[in-house]
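Right, one structure below, let's go through it.
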Amino acid sequence: MTNKSTGSLMLLLKEALNELGAWCGTSTTNDYNYIVRRVENEGLSFLTITLPTFASDFERCLDDGLVVRNLFQGFPWKGGLPRFLGGFLELIFARQGCRLLADPSIDAIQSIRQICLMFGKINLPCSDTRRRAAIRGFVETDNTVYRTDLSLPSELSEDFVMMSQLLWTDVFTTVGLKLNSAELLPKHGPGATADRLRGNAKYEQSEWTEDLDEVFPKHLYLVPNFNHSVDHISVLPPGTERPVRVVDVPKTLKTPRIIAIEPTCMQYMQQALKREIQEAIENDILASSFVGFRRQEHNQMLARRGSRKGILATLDLSEASDRVSNQHVRLLLLNHPSLARAIGATRSRKADVPDHGVHTLAKFASMGSALCFPMEMLVFTTVIFLGIQQELGRRLTREDILSFRGSVRVYGDDIVVPVDFVPGVVNMLENFGFLVNLRKSFWTGKFRESCGKEYYDGHDVSIVRVRHVFPTQRRHVPEIVSIVSLRNQLFMAGMWQTTKWLDDYIERIIPFPAVGPTSSALGRLSSLGYDTQRVDKFLHEPQVKAMCVSAQLPISRLDGSAALMKVFLQSEARTKPGTGLQSIPDWFSNEPTEDEDHLKRAGRPDTVRITYRWLRAY
């Protein structure tokens with residue numbers, strides 16, 4: 001990052017500090033000067049790593065109702081509270097005694113979180129040392145999963161199978177019937193694959209595995225009808241399958257995200273199974289009460305209720321997906337052999353890990369598998385109800401489980417459970433090898449967080465994050481898109497002084513008119529409405545001339561039987577209910593974009609640019 005980029009971030013922080021200080025009636029001059037000194041000595045890591053740690057300690061104090069000395073390491077103290085952001089802290093905790101005030105300032109709580117977390121997830125690459133440590137951690141965690149599987153008591157395994165039957169029998173039976181009738185609809189996405197096929201080339205895949213062929217015969221899933229040959233498909237025997245390719249992608253400066261890129265054939269059929277599992281869960285009254293795929297609002301609503309009434313806890317798991325073992329999933333599906341065989345056939349058993357070679361996996365799947373998200377939710381929910389059962393001291397019935405609708409919810413690794421059952425749930429999660437992150441799990445105070453939303457006593461104290469460094473030229477397209485989004489999020493959060501500073505910054509790079517919330521223009525939201533520079537003479541709608549994102553998919557020509565297969569699959573996807581295909585192209589999404597040229601161009605855009613043209617103003 002250049003000094004100019006760092007300077008822009010510091011100026012933004014200064015504006016935010018001033019505005020939030022005005023909200024709370026406290027001076028932030030000393031706080032800003034302190035940040036400047038630390039950044040000069042420590043670099044950007046103070047903003048991206050140290051300040052988020054301060055926020056984590058602060059949230060811990062909110063939950064405990066007390067500030068203790070072993071927190072806020074590296075920060076000076078004044079009396080019983082840290083000196084840094086002391087003006088805000090005094091509105092929340094008593095300096096003498098350090099206890100939470102009876103009526104703490106909600107604005108001060110949100111301000112501390114906004115200041116400290118603003119840069120915590122900025123999209124910048126980690127150092128090589130941190131990247132290597134993350135890769136090494138991937139392998140070490142998988143070895144831990146293997147050892148945990150060996151030590152799992154047989155009685156817990158039996159209880160897990162019984163609970164799985166109670167929760168998911170109807171779901172698994174529904175998917176199994178679809179398997180038997182060969183009604184699954186596979187799918188390719190635009191993303192990377194282990195065999196490095198891109199765009200339409202995925203429809204010309206030449207690898208299949210014996211395990212896949214036994215469950216998903218290649219003549220049914222790879223060609224449009226029996227008139228087309230499958231002789232060009234190589235069927236790989238067990239042990240020779242292509243491993244997933246482990247890579248790191250930017251997450252925070254502290255650590256990257258480790259994902260595993262699946263082979264084309266595996267991802268293709270994983271998507272088919274995911275679609276059926278998702279549909280079966282959404283159509284099942286019991287299953288849909290506890291897990292969800294599309295909407296995070298259920299978790300967020302429960303987190304808000306938990307913060308206000310104190311009856312619901314939010315739990316966070318560390319390395320959640322990497323600790324779901326293949327053994328967990330096999331137990332989950334023990335009484336559904338056809339589905340177990342299908343899911344097992346789409347599971348990659350080995351990973352090509354940088355600096356570690358090919359590693360045999362104990363985990364079910366890493367992020368990158370289409371089945372990682374749904375299967376981890378089913379496993380977590382099953383273990384949660386085992387913990388509840390342990391606390392109650394008796395076996396649960398279906399009626400018992402139904403009584404927990406509205407108090408147990410799982411979205412990925414975001415978990416909401418009743419406070420009364422937290423000890424049993426945490427204990428059971430740990431018995432199955434999962435790590436509960438106690439620094440990010442809350443149940444004793446009035447602070448809760450789930451699915452990107454944070455609440456204190458029923459008040460939304462969520463914050464706005466900077467995702468990219470600031471652009472300095474028009475060719476910095478992702479950075480321009482990001483700063484416009486940041487500006488509009490801050491506007492909606494009521495930080496109008498900071499918003500005005502961003503307006504001035506953005507206007508030095510691109511034209512920046514006021515637009516409505518549904519306009520595709522890169523413009524600013526305003527309480528005064530949108531600019532109208534002309535009215536379209538055909539559509540009779542107000543228009544504005546502004547920048548918008550434009551991208552062209554890479555050339556990827558497809559013809560013959562592979563082209564026909566793609567057309568058939570996309571036609572089926574459009575007519576099949578519950579597929580969730582997007583009607584509006586999103587160049588930054590993971591969903592493929594369909595258009596009339598889809599047999600000529602496909603995949604993710606190589607470049608994204610912005611163009612200046614007339615657009616709908618609202």
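Only one of the numbered conditions (1) out of contact with any Leu (no Cβ under 7 Å at 6 or more places or on another chain); (2) at pLDDT below 95; (3) of a type outside the set (Asp, Glu) is violated by residue 197, and that is (2). Can you say whether residue 122 is within 19 Å of residue 55 (Cβ to Cβ), buried (at least 19 other Cβ atoms within 10 Å of the Cβ), over 21 Å from the mean Cα position of the chain (by Cα) and touching a residue at least 40 places away in the same chain (Cβ under 8 Å), as far as the supplied structure shows? No; evaluated as a whole, the condition is false for this residue. Scanning segment 140-152 for residues that are surrounded by fewer than 16 Cβ atoms within 10 Å (Cβ to Cβ) and either outside the structural domain of residue 365 (by TED's automatic domain parsing) or touching a residue at least 12 places away in the same chain (Cβ under 8 Å) (or both) returns a single hit, 143. In segment 205-264, which residues are at pLDDT below 95, part of a loop (DSSP other than H, G, I, E, B) and acidic (Asp, Glu)? Scanning segment 205-264 gives a single hit, 231.
Within segment 573-596, restricting attention to residues that are charged (D, E, K, R) and exposed (fewer than 13 other Cβ atoms within 10 Å of the Cβ), which residue is modelled with the highest pLDDT?
Only one residue tops the list, namely 596.
Scanning segment 9-40 for residues that are among the acidic types (Asp, Glu) and within 16 Å of residue 108 (Cβ to Cβ) turns up 19, 31. The condition (being of a type in the set (A, V, I, L, M, F, W, C) and touching a residue at least 60 places away in the same chain (Cβ under 8 Å)) is satisfied by just one residue among 236, 312: 312. Is segment 278-296 home to any residue that is assigned to a loop (DSSP other than H, G, I, E, B), out of contact with any helix residue (DSSP H, G or I) (no Cβ under 8 Å at 6 or more places or on another chain), at positive phi and not β-branched (Val, Ile, Thr)? Checking segment 278-296: not a single residue is assigned to a loop (DSSP other than H, G, I, E, B), out of contact with any helix residue (DSSP H, G or I) (no Cβ under 8 Å at 6 or more places or on another chain), at positive phi and not β-branched (Val, Ile, Thr).
Residues are listed down the side, and each one gets a yes or a no for (1) closer than 25 Å to residue 320 by Cα; (2) in a loop (DSSP other than H, G, I, E, B); (3) more than 17 Å from the chain's Cα centre (by Cα):
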residue: 445; (1), (2), (3): yes, yes, yes
residue: 462; (1), (2), (3): yes, yes, no
residue: 470; (1), (2), (3): no, yes, yes
residue: 473; (1), (2), (3): no, yes, yes
residue: 480; (1), (2), (3): no, no, yes
residue: 484; (1), (2), (3): no, no, yes
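Looking at this structure, is residue 43 on the phi > 0 side of the Ramachandran plot, touching a Ser or Thr at 6+ places or on another chain (Cβ under 9 Å) and surrounded by fewer than 16 Cβ atoms within 10 Å (Cβ to Cβ)? For residue 43, the condition - on the phi > 0 side of the Ramachandran plot, touching a Ser or Thr at 6+ places or on another chain (Cβ under 9 Å) and surrounded by fewer than 16 Cβ atoms within 10 Å (Cβ to Cβ) - is met.
Mind checking which residues of segment 36-85 are small (Gly, Ala, Ser), touching a residue at least 40 places away in the same chain (Cβ under 8 Å) and within 27 Å of residue 307 (Cα to Cα)? If the condition is that a residue be small (Gly, Ala, Ser), touching a residue at least 40 places away in the same chain (Cβ under 8 Å) and within 27 Å of residue 307 (Cα to Cα), then 55, 56, 65 are the ones that fit.
The values are calculated or read from the model by the stated rules, or taken from the named source; none is laboratory data. Keep in mind the model is a prediction, meaning the values are calculated, not measured. Here Cβ is always computed from backbone atoms with ideal geometry, including for glycine, and neighbour counts include all displayed protein chains.
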